[in-house]
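J.: If you scroll down you'll find the structure; I have some questions about it.
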Ligand code: HEM
């Protein structure tokens, strides 16, 4: 079953999902003792039923860190309250002009060349710069910030044992030390001079009357760095992949730009940036006539759920006008993605600019694209494009 994680399958896992979903929507992989869910109803249940499925997960190499994403109520509720207010519709709307400026600046540097690697020149930079600004990281520290993000994403290798897992753990521990030293200085500064950013919010936040300690703040920092970058990068990448694969839908979007928001939802469904999440069973759980014993590692496959024919009409068709589109690319329930509105806004700005400035874009290489390093993420590591430069409106 680990063929799910080979490069070939990760480029296009959907035929294999369809086969497995039809044959057995709950699959036990004995080697890694993984329980994998493929159908919409059980994936959605695992994501939201926190009585039966915990977000605190033990792997071969230890337990998940003490982050919001990996916590259960009541701690989860308290941690989530601390940063929820930073992600209100109004805060996101206030950020939009900044995102537009960043996007234009990035494209101004590259567009005249008539070719670019979408990932290194644009899509990996924009979300990182946005989240860095929200957190309160000065622009000169961006390169470091990006590198730390990469190291955290590689931690997905640690679901299995072996060399790669060991290397990922070592790199992560070195990066964590760097982050700790870096944060200590910048947090001192915020204590002295508060600002309107997430670092100040974290310094001032209290849980049960107590301030967060250095470890807890580091956890938030790492989570936002990982969650805020890789996923949105791949929403943008995957949108361009979809448009190149389905030129009729691109033409439709160019003719009817009002479909952009709906097109973004369809990309989220069709090539979900986060293909899977993880849970562990708190007790024995019966699903599809089988029992997952307590304490087992469960992989709800979001990318497969979003193609389940029981919930989507002609799921293998990319249709930018799809309505209804009840995809669960951002999860479901108490852990529903805090950054959903932010990443929808970033994708809207990015795709408006890319469609305007990259006229007639096409792949600049025949090589199959290399999947992202993080195993649960769907999208290319590089996406070389050729195009005719379009003027800025
Ligand atoms: C296309 C972009 C994105 C996708 C597909 C995505 C996907 C997800 C998913 C599936 C979850 C649920 C995890 C679970 O149930 O265990 C989640 C949670 C989360 N996401 Fe996102 N995400 C995206 C962008 C962002 C951005 C831009 C941010 C922040 C800047 C962010 C921050 C978070 C946080 C903090 C959580 C944890 C929420 C909790 O545990 O209560 N995400 N995301």
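The values are calculated or read from the model by the stated rules, or taken from the named source; none is laboratory data. Predicted, not measured: the structure shown is a model, and the values here were computed from it. Glycine gets a Cβ as well: all are built from the backbone with ideal geometry, and neighbour counts include every protein chain shown.
Rundown of residues vs (1) out of contact with any helix residue (DSSP H, G or I) (no Cβ under 7 Å at 6 or more places or on another chain); (2) under 30 Å from residue 293 (Cα atoms); (3) within 15 Å of the ligand (Cβ to nearest atom); (4) modelled with pLDDT of 90 or more, yes/no style:
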{"site": "46", "(1), (2), (3), (4)": "yes, yes, yes, yes"}
{"site": "52", "(1), (2), (3), (4)": "yes, yes, yes, yes"}
{"site": "86", "(1), (2), (3), (4)": "no, no, yes, no"}
{"site": "110", "(1), (2), (3), (4)": "no, no, no, yes"}
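J.: Just checking, how many residues over segment 253-289 are assigned to a helix (DSSP H, G or I) and either within 16 Å of the ligand (Cβ to nearest atom) or closer than 25 Å to residue 99 by Cβ (or both)? Lay out the reasoning, then the answer.
T.: First, the residues of segment 253-289 that are assigned to a helix (DSSP H, G or I): 253-255, 257-270.
Going one step further and asking which of them are either within 16 Å of the ligand (Cβ to nearest atom) or closer than 25 Å to residue 99 by Cβ (or both), we end up with 253-254, 257-270.
Matching residues across segment 253-289 total 16.
J.: While we're on this one: Tell me, yes or no, whether segment 215-231 has at least one residue that is more than 22 Å from the chain's Cα centre (by Cα) and surrounded by fewer than 21 Cβ atoms within 10 Å (Cβ to Cβ).
T.: So in segment 215-231, the residues more than 22 Å from the chain's Cα centre (by Cα) come out as 215.
Next, from what is left, pick out any that are surrounded by fewer than 21 Cβ atoms within 10 Å (Cβ to Cβ): 215.
Scanning segment 215-231, I find at least one residue that is more than 22 Å from the chain's Cα centre (by Cα) and surrounded by fewer than 21 Cβ atoms within 10 Å (Cβ to Cβ), so the answer is yes.
J.: Of the conditions (1) more than 8 Å from the ligand (Cβ to nearest atom); (2) farther than 19 Å from residue 48 by Cβ; (3) crowded, with 22+ Cβ neighbours inside 10 Å, residue 347 clears all except one; give me its number.
T.: Answer for residue 347: the failing condition is (1).
J.: Are any of the residues in segment 318-332 at pLDDT 95 or above, loosely packed, with under 14 Cβ neighbours inside 10 Å and not in a loop (DSSP other than H, G, I, E, B)?
T.: no
J.: Right, next: Can you pull out the residues in segment 9-44 that are modelled with pLDDT under 95 and part of a strand (DSSP E or B)?
T.: Within segment 9-44, 29, 34 qualify.
J.: Moving on to the next point. Going by the structure shown, is residue 241 out of contact with any helix residue (DSSP H, G or I) (no Cβ under 6 Å at 6 or more places or on another chain), touching a residue at least 24 places away in the same chain (Cβ under 8 Å) and within 16 Å of the ligand (Cβ to nearest atom)?
T.: Details: out of contact with any helix residue (DSSP H, G or I) (no Cβ under 6 Å at 6 or more places or on another chain): yes; touching a residue at least 24 places away in the same chain (Cβ under 8 Å): yes; within 16 Å of the ligand (Cβ to nearest atom): yes.
Against the criterion (out of contact with any helix residue (DSSP H, G or I) (no Cβ under 6 Å at 6 or more places or on another chain), touching a residue at least 24 places away in the same chain (Cβ under 8 Å) and within 16 Å of the ligand (Cβ to nearest atom)), residue 241 qualifies.
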